[in-house]
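Below is one structure, written out as structure tokens; comments come after it.
Just so it is clear, none of the values below were taken in a lab; they were calculated from the coordinates. Worth saying up front: this structure is predicted, and the values here are computed from it rather than measured. Reconstructed Cβ throughout: ideal geometry from the backbone, glycine too, with neighbour counts over all protein chains shown.
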Amino acid sequence: MSGPADPRLILREDELDAGLELMLLAEASLWAAVDQGLEAEGLGLGRSHWRATFLLRRRPGIGVQELAHLTSLSKQAASRILVDLAGKGLVEKQAGDLDGRRRSAALTARGEAFEAAISERLRSQLTRAYRTGGLDGVAGARAILAAMAGGRMRSPMGSGGR
């Protein structure tokens, strides 16, 4: 549990806007790397497809409902993404342990390779940024991003891969 906020932390509108601008520019840089990776893979898949494979690696066994929650996609869109990935041989659906109607998804070996090829580009970018920020900066950045992610950090169905 953290203590009271540092009284030196002044959150003026212009400082918050500067933070938002940096986040938007950082997001654009990350998505540009994802787009380059997707193009290199040549499977005709988009950002949501990679995002789903990344989350499946980090949280094995998630299904449509959880994928929709984590990504803010509709259930229909999340389902379509998983169908697309299964069609490319990147994902296989499995019947749920407790409820046979709930079908979870798992990456195939080909799906793991697809996810890894694109994620490696982002890890390199993040490594450079973390080295620039230093040890204290990494912890601070992670705390801020986790606070912004809010309830998505905790999965309502239980998360794996942690």
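Numerical summary
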{"read-out": "Fully extended contour minus Cα-Cα distance, from Arg142 to Lys88, at 0.36 nm per residue", "value": "16.1 nm"}
{"read-out": "Centre separation in Å (Cα based) which lies between the range 39-56 and the range 68-97", "value": "12 Å"}
{"read-out": "FRET efficiency estimate (nearest 0.05) - Cβ-Cβ, Ser72 to Ala116, R0 22 angstrom", "value": "0.35"}
{"read-out": "Mean ellipticity per residue at 222 nm, deg cm²/dmol - from DSSP H runs of n ≥ 4 across the chain, formula -39500 (n - 2.57)", "value": "-22000 deg cm²/dmol"}
{"read-out": "Stretchable slack from Ala28 to Arg152, in nm (0.36 nm times residue separation minus alpha-carbon distance)", "value": "42.5 nm"}
